[in-house]
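To start, the structure under review is shown below, and the notes come after it.
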Amino acid sequence: MPEQSVTDLAGQLRDRLEHAAVPGRAAAEKRYLKSDLDHVGVPLPAMRALVRSFVRDHRELDHGRATALAAELWSRPVHEHRSTALLVLAGYTDRLGADDAALFEALLRQCRSWGHVDLLAPFVVGRLLPRHPGLEEAVRRWAADPGQWVRRGGVLGFLMVLREEDDFPRWFPVFAEVADPLLTDERFFVRKAVGWALREGTKHHPDRIADWLAERLPRLSGLTLREASRRLPEPRRAHLAAAHADLHRRGRGRAG
């Protein structure tokens, strides 16, 4: 059987997306995401299932064809096509490595919302980071980038290693160094990303995260603290919240 071209494979995936579209969803999702892309109206769980089936049926794709397929899907300004491109990369992470950092950065710089950043950074870069520590330099650079979506991508690139008990001791000091100067970033999606990544660390290392937060309460936004402390034991979470509120209330009083 002749090998199918990347163009043909991308066409098949686009056709499946069209068939999976939910009437009325496209316009609602476009409004919700404040998106300037075209939308088909396919829920993310359906896209994930579609790509899982595709990857099972096409395990023969090597690095070159997998990345070319992702590029072909990404090439059109359609939200679901681009989401599927990122899910394809996530499905073939065993073919990817540190040498693909330039590809990931190019995609991050073209992301127009958190929806695509949040597929690429945790589920592609984040899965690769513990296996390919050479990615660390790139992820650090992204987190320091002035662009909101690139910075969010750098932060969320650490999400998986903070979540895993065995990876946490190696990677939390790196993340802490990267995140510390970001605590004063005033942008919602950066603040929330820092809190989300920290929250993943509380799964196995709640005291380490709580102590780190406690040492930085004067510079922490309420949003970052709420996100980071959500899974902490209630007494510790409540104590941090009260101390943060008191610090910032007194700070406002001095400013007045």
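Laid out as a table, the results:
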quantity: Any hit, segment 71-83, residues being charged (D, E, K, R) and not in a helix (DSSP H, G or I); calculated: yes
quantity: Qualifying positions in segment 13-34 - crowded, with 17+ Cβ neighbours inside 10 Å, within 23 Å of the chain's Cα centre (by Cα) and not hydrophobic (A, V, I, L, M, F, W, C); calculated: Glu29
quantity: Candidates Val22, Val51, Val40, Val117 - the one that is β-branched (Val, Ile, Thr) and either in the same structural domain as Met160 (by TED's automatic domain parsing) or within 23 Å of Pro146 (Cβ to Cβ) (or both); calculated: Val117
quantity: Answer from Phe172, Phe123 - the residue that is out of contact with any strand residue (DSSP E or B) (no Cβ under 6 Å at 6 or more places or on another chain), farther than 25 Å from Val78 by Cα and not assigned by TED's automatic domain parsing to the domain that holds Leu33; calculated: Phe172
quantity: Contacts under 6 angstrom Cβ, first residue in segment 13-32 being over 18 Å from Gly115 (Cα atoms), partner β-branched (Val, Ile, Thr) and in a loop (DSSP other than H, G, I, E, B), 6 or more apart; calculated: Ala20/Val42
quantity: Filtered residue count, segment 119-150, keeping only those that are in a helix (DSSP H, G or I) and within 18 Å of Asp100 (Cα to Cα); calculated: 22
quantity: Residue list for segment 206-246, filter: within 25 Å of Phe189 (Cβ to Cβ) and assigned to a loop (DSSP other than H, G, I, E, B); calculated: Glu215, Arg216, Leu220, Ser221, Arg230, Arg231, Leu232
quantity: Residues being assigned to a helix (DSSP H, G or I) and within 20 Å of Gln110 (Cβ to Cβ) - total across segment 33-70; calculated: 9
quantity: Flag if Thr184 is of a type in the set (Ser, Thr, Tyr), in the same structural domain as Val139 (by TED's automatic domain parsing), part of a helix (DSSP H, G or I) and at negative phi; calculated: no
quantity: Counted residues, segment 187-198 - those being over 14 Å from the mean Cα position of the chain (by Cα) and not in a loop (DSSP other than H, G, I, E, B); calculated: 1
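Conditions (1) closer than 21 Å to Arg170 by Cα; (2) at pLDDT 95 or above; (3) of a type outside the set (D, E, K, R), marked per residue:
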| site | (1), (2), (3) |
| --- | --- |
| Lys203 | yes, yes, no |
| Asp207 | yes, yes, no |
| Asp211 | yes, yes, no |
| Gly222 | no, yes, yes |
| Leu225 | no, yes, yes |
| Arg236 | no, yes, no |
| Ala242 | no, yes, yes |
| Asp246 | no, no, no |
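Per-residue answers, yes or no, for (1) over 30 Å from Ala26 (Cα atoms); (2) under 19 Å from the mean Cα position of the chain (by Cα); (3) not basic (Lys, Arg):
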{"position": "His63", "(1), (2), (3)": "yes, no, yes"}
{"position": "His79", "(1), (2), (3)": "no, yes, yes"}
{"position": "Asp94", "(1), (2), (3)": "yes, yes, yes"}
{"position": "Ala102", "(1), (2), (3)": "yes, yes, yes"}
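The values are calculated or read from the model by the stated rules, or taken from the named source; none is laboratory data. Given the structure is predicted, the values throughout are model-derived calculations rather than measurements. No Cβ is skipped: glycine too gets one built from the backbone with ideal geometry, and neighbour counts run over all protein chains shown.
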